[in-house]
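Please treat every number below as a calculation from the coordinates, not as lab data. The shown structure was predicted, so the numbers you read here are calculated from the model rather than taken from an experiment. Positions of Cβ are backbone-derived with ideal geometry, glycine not excepted, and every protein chain shown enters the neighbour counts.
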Amino acid sequence: MAEKRYKTKPLDCWNEAKQLRQNYYENFVKAHEIGGVRWAGGAWSFSAVPAGLGDDIYSLTGEPYGATVAYNKDFAEECHEAIEAKGYARDLCAYMRNYWGSIVLNKYVWGGEWPKPDFLWTTHICCSHAKWYQVAGELEGGIPYFCVDVSVGPYNEVNERRLNYIVSQMIDGIEWMEKVTGRKYDDEKLIQAVYNECRATSLWAEICTLNKAVPAPLDEKTMYSLYVMGTLMKHRKECADFYEKLRDEVKERVANQIAAVGNERFRVMTDTQPPWAFLELWRYLQEYGVVSIGSLYTFGLIGIFEVKEDGTWGPRTTPQEQGIEIETREQALRVLAEWTLSRPEWQHFYSPELKSDMMKRIVKEWHVDGVMLHYNRGCEGLSMGIAENKLALKEAGIPVMHFEGNMGDEREFDLERTRAEIDAFLEILGAR
Amino acid sequence: MQQNLFEKFHEWYENRHEYAREWKEKTRGKVLGYFCTYAPEELIYAAGVLPVRILGSHEAQSVTEPHIFAMFCPLCRDCLAQGLQGRYDYLDGIMIAQCCLHMRQAFTSWRKHVPLDYSYYLYMPHGVQTPRAYPYLRGELADFKKSLEEWTGKKITDQDLDHAIEVYNENRHLMKRVYEFRKERNPKLMGLEAMEMVVSSQMIDKEEHNQALKELLKELPERNVKREAGTRLMILGSEDDDTEFLRMVESTGATFVIEDHCTGSRYFWNEVVPQKDRLSAIAARYIDRSPCPSKDWPERTRLPHILKLAKDYNVEGALLIQQKFCDPHELDIPAIRSHLEKNGIPTYFLEFDVTVPVGQFKTRVEAFLETFQLPTDLF
Amino acid sequence: MITAGIDMGAKNVKVVILKDDKILSRSLTPGRFDQKAAAEKAFNEALQKAGLSHDDIEHVVATGAGKDVAPYANGEISMMGADALGGAFLFPSARTVIDVGAEEGRAVKCDEKGRMVDFVINERCAAGAGTFVEAMSRALEVKLEEIGPLSLKAERAVPMNAQCTIFAESEVVSLIHAKTPKADISRAIHDAIADRIASMTRRLGIQRDVVLVGGVAKNSGFIEALKRALGVDLLVPDEPEFVGALGAALSPTRRIGECEK
Amino acid sequence: MSKEYWRWPEYRRTLPDKDWKAAKIVTGGVDIGSVSSKAVIITDGELYAYSIMRTGSSSPDSAQKAMDWALEGTGMKLDNIQYTVGTGYGRVNVPFANRAITEIACHARGANYIWGPTVRTVLDMGGQDCKAIHCDERGKVTAFLMNDKCAAGTGRGMEVFADLLSVPIEEVGPMSLSVEKEPEPVSSTCVVFAKSEAVGLLRKGWPKDMVLAAFCSAMASRISELLEKIKVEKDFVITGGIAKNIGVVKRLEEIIGFKALPMKEQFDPMIAGGIGAALFAKALYEREHQAA
């Protein structure tokens, strides 16, 4: 056991985070009571777009929902069996199966019946996303469904044509939304939502950047419960406001050397979604003074970064900070598309090298001693190219291990074995 | 055994690498390997480059272990293995037309670990059902054309494009005519022969292939088929060029009369409809082709297409095969099965790996066939 | 300094007693269920052979699957860490140590001091471990100790498609039905597991010299198969199943692993 | 290997007070599985004699041995059998068979004969595979699913466990039911890992019956997955060796929510396939002779 070196204390805005999350899931259920509209789609979807339909629009994003189910082992297993009985393979995306299972069982993970959305709105980022909601619609007995194809290549190759392809689809999507909801679309609300999203995602990047400090003000286990806000409502004001508050608190922790883990001796980073039902492993690491400062996943799924003058990563400057006035629907959608394509946790869909370089950057700038890759059988999207990432990190002389598992299906996780692998890795790090 | 009109295709299929090497010798031209049949071959062909589809060899191997995590499909690993083992050492370059995540990894790892002087990633859209895809892909094709011109140092003229389109359309047209003979009560060709015909067309100069097809079409009508057709089967699902499996099934009193595979009808079913702007015409062809499941959304256009094939070819039963871990097909198969069953076509599902346990599969296939073949008076 | 290493393996418990890097004694006791009792037996046997008493031992370090329940232990080290230390101790030129035990295959990369720098454990599949050979020898109706030598008599290499143990069992049955000579089948069996181990090791990158340890390293058929699969020569110690215990016994002087916890 | 606990009893049986000489048609069914071989003789469509033994390394020999044993003491010779159908893994390696039919068709046919026309779902748990079969009132297969990827849910899986725990295989079921409280099923689906998991439990000091219970319920839920996929319908029956394992059967019945029809005393569930084969043999014989 490593001795305590730094003072530490829990986050002040912890409860607010919990409250926000709870409201989100409750509001979705209650939406119809107040005459509101429900839509469902991926956490990666352009959630700012439906915001133009009014202030009473509530969403349910599939991945965080699937993760919540995963956390609840028994319900997860129920979901898997229900959907396998429908003939779907057990190696498909675990979040997707948790989500489908809830529909089939007509059970909401927060209790009560499954709240059927009014329409489905998502983006096709991996082989599963468009099909996820295609099947979901079928299981729901038919729901209007629109999916935006965003597979135009990595950010460093974005051009007008590629942006136009996405923007023009969203323009069609808005007309479609008006039809299926019978509502008039308000561009002003869209513009506000886009501002919110840029602000929120830039703030999260700033919070992650603060974690470069030694000792780390945040550990990844905590970050999981904080970045989730961005996966639920990155386009909403309350999300941006919360991140602002959190940013200030984390700044203060850095100033006063308040650590997430009092006995921090070694810093690691992970990769891909964790096996949600086994977060105890992160606590196990802490027994040896090892803190996970985050991952490309916790940083870059929500956080939008840019390279600063000194060549290091920091929060991307928002349009409003640049004094850009968004005036039209078309312009708002263009800003949104361009901003979204710069998402770090997106580039690897086109080449593992782009991801390896970002990972090496994190290792350097966040003072990481070793990397623990979760070979995640539950998500082929984020596991894509992960073996090449491992090779690249090794080549760079960075200690790296991988452990196999599944973010949402505990049947594919072996705790004993993973412990044994982690023990060995701790020995390599010199932590034991 | 019936007189073998398909020997040529079989040889091409078996000796794909020798063919490509000789082609290079002969023409001094470049050879470009491509992943996935969304590759706009017309452009490559117009550039005077031989497009060759990269496929696996169905042998157990262990060289891809460090590069692709085991949760990805056997095909992408088998393909990469070919590159890492130098089996395609004659390639001057590789390209991919964006498709599933699995194949993309075979491409990116190949690009990184196998020395090449050219590689190209074409951002083929997935949203083939949105009209916005046409102008977008047209633009992407223009970029690809430019890149090819820089690589070969040769301008691709409209004449070049017209010629390529003509050759490719003719190939599609001829193969469709051959497929007509699979509709007969006692089909003039077996599934294995059809598969080798189509896959060989993905590996050799289409003009040569067209010649062979014309020869074939002269004799095919007269071909006297001694063997009984047995049960008329359809086969569909993931990439499939598993000759051992097809042979096994057709040795148990059944004939594959049609398939929906990218190694079969899906590859050549629709032609380029000429337009003034050649690139738009080519773009439209690849957007409108019968899709891979990874691009078949929000509507399921594959269902009516597959059912129509089944009806046109008078199919009695369908084998659905899927490469292990092939998510796109795993996401379609339940819907396809229930659609076919609803329409009175029994189905049976099999999961494929790099090599298939023919022994075990034989029992299943035979049992499936027995449900058609065992005379009712035995019960 | 006198130290002891206890390797609580899945099938046998192995103990090595060491004095200033000299091996004083070894002892092995089968212990599938009551590992603790087996360990006590092995430990005391080893003491006896070395003519020592428990108090003479400064450090007792446990490793292996059941290291948590090891008696006497006042320290522990991971199986991979122990393999590296033990392998490099026996063969200083070792940079890769492959350990194939009853239920697991592992590979470790180490530096000249025997410090582990990277490792890999094979996927959750028995096809890459000793149990596979056991199961196959039963399917083949050949004694376990005979199957290795038998495979060396093989005329040709038959491909073995199945990866899962049970899958493979039925394949062996069908090979038998196909009248394939038992020697050829045994070779196919060893090739299959060797391929598994080889592809696992490739994930590390094969760096010479390569040392093979663990119970299966006593199987001549497997050694040949693995050489073929890796395309490199293999160094195999005389008592390969003791290398883990040896590494554990070495760890206190090398300051690796948890001691005096 | 010391005592082989996994070995189930091999035996033969002639049904009482039957005179085969009086029979018009005598046919045989030989089911060569990967683990067990069964030979069945029927006279005028009635079960007459059968044998069950372990499959050796050569199918033809196993077929011969099984049939010889079934004939033993009946005074019947192989030549007295007018038509034989081979089935099971080694179906094409039965030297004296007139035709081969898959075990899937044969099990459905056999179950229909043993339990009657109300049977709709047949679960056959063989040595190295597990089949869920749907059939109509005549015992004709309408759909089937097969798991031969994973030993969890196969006879071999159970044998491995009996062996591991040194419990004679016939006692596994009853012993697994002797627990007061049902434990969590072992989590690993792979038998080999379920095995190491079980070893872990034993090390933790779990009694054997608890470990067996944990394994039997894991196996039951594994099998139920197959049944759920094919949508199990009444009447439901179980053939193959596992039908004799009350520990798995009871748990399986709990999961799927209804009972399997009870075993019939004179019909060992292991011979359903052989019976089906022999019945097909009779039908085929008659067919050919009408034709002639």
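Worth a mention:
- Distance between the 7 Å Cα→Cβ label points at A:GLU3 and D:LYS259: 7.0 nm.
- Counting Cβ atoms of other protein chains within 10 Å of each Cβ in C:201-211 and taking the mean gives 2.
- Here the simple spin-label model places points 7 Å from the Cα toward Cβ, and for A:GLU175 and B:THR27 these points are separated by 4.4 nm.
- Net charge of neighbours whose Cβ lies under 12 Å from the Cβ of B:TYR136, counting Lys and Arg as +1 and Asp and Glu as -1: 0
- Gained length - A:LYS30 relative to A:GLU244, 0.36 nm times residue gap less alpha-carbon distance: 74.3 nm
- Share, in percent, of DSSP beta bridges within chain D that are antiparallel, nearest 5: 75
- The peptide list B:241-251, D:70-80, A:343-353, put in order of mean Cβ contacts within 10 Å with the highest first, becomes A:343-353, B:241-251, D:70-80.
- Computed about its Cα centre, the charge dipole of the stretch D:120-256 is approximately 200 debye, with only Lys, Arg, Asp and Glu carrying charge at their Cβ.
- Residues in the stretch D:31-56 that a label on D:ARG7 would reach, taking backbone N under 12 Å of a point 7 Å out along Cα→Cβ: D:54
- Using the rule -39500 (n - 2.57) for each DSSP H run of four or more residues, divided by the residues of chain A, the 222 nm mean residue ellipticity is -15500 deg cm²/dmol.
- Estimated from the Cβ-Cβ distance and a Förster radius of 51 angstrom, the FRET efficiency linking D:HIS289 and B:LYS176 is about 0.55.
- The simple Förster model, with R0 at 51 Å and r as the Cβ-Cβ distance, assigns B:TRP269 and D:ASP44 a FRET efficiency of 0.35.
- Peptide A:386-392 has a mean of 5 when you count, residue by residue, the C-beta atoms of other protein chains within 10 Å of its C-beta.
- Nearest-20 debye value, the stretch C:93-236 charge dipole, Cβ charges on Lys, Arg, Asp, Glu: 260
- Using only Cα coordinates, the Kirkwood hydrodynamic radius of the protein assembly as shown works out to 33.6 Å.
- For the stretch D:1-67, trypsin sites (Lys or Arg not before Pro) are listed when DSSP marks them as loop and at most 14 other Cβ atoms sit within 10 Å of their Cβ; the list is D:LYS3, D:ARG7, D:LYS24.
- For the protein assembly as shown, share of DSSP beta bridges that run antiparallel, in % to the nearest 5: 45
- For D:85-92, mean number of other protein chain Cβ atoms within 10 Å: 2
- For the stretch C:209-236, backbone nitrogen atoms closer than 18 Å to the point 7 Å from C:LEU144 Cα along Cα-to-C-beta are found at C:213-223.
- Computed lengthening from A:GLU327 to A:ASP357, 0.36 nm per intervening residue step minus Cα-Cα distance: 7.2 nm
- Just so you know, the Cα atoms of the stretch A:14-429 work out to an Rg and Dmax of 20.6, 62 Å.
- Measuring between their Cα centroids, the stretch A:131-198 and the stretch A:239-254 lie 30 Å from each other.
- For chain D, leaving out every one of the chymotrypsin sites (Phe, Trp or Tyr not before Pro) that falls in a DSSP loop and has at most 16 other Cβ atoms within 10 Å, the longest unbroken run is D:97-257.
- Surface/4 estimate of mean projected area, convex hull on alpha-carbon atoms of the stretch A:77-133, nm²: 4.2
- Summing charges over neighbours of C:SER27, with a neighbour being any other residue whose Cβ is under 14 Å away from its Cβ, gives -1 when K and R count +1 and D and E count -1.
- Paramagnetic reach from C:GLN207 in the stretch A:390-423 [backbone N under 18 Å; point 7 Å along Cα→Cβ]: A:390-402
- Selection of GluC sites (Glu not before Pro), the stretch A:1-87, meeting DSSP coil and at most 13 other Cβ within 10 Å: A:GLU3
- Pairwise FRET efficiency - A:ASN72 versus A:GLU160, Cβ, R0 = 60 Å, nearest 0.05: 0.85
- Applying both filters, DSSP loop and at most 12 other Cβ atoms within 10 Å, to the trypsin sites (Lys or Arg not before Pro) of the stretch C:58-121 gives C:LYS113.
- Positive minus negative residues near A:ARG283 (Lys, Arg vs Asp, Glu; Cβ under 13 Å): -2
- Where labels lie 7 Å past Cα in the beta-carbon direction, separation of C:ASN74 and B:GLN211 in nm: 8.6
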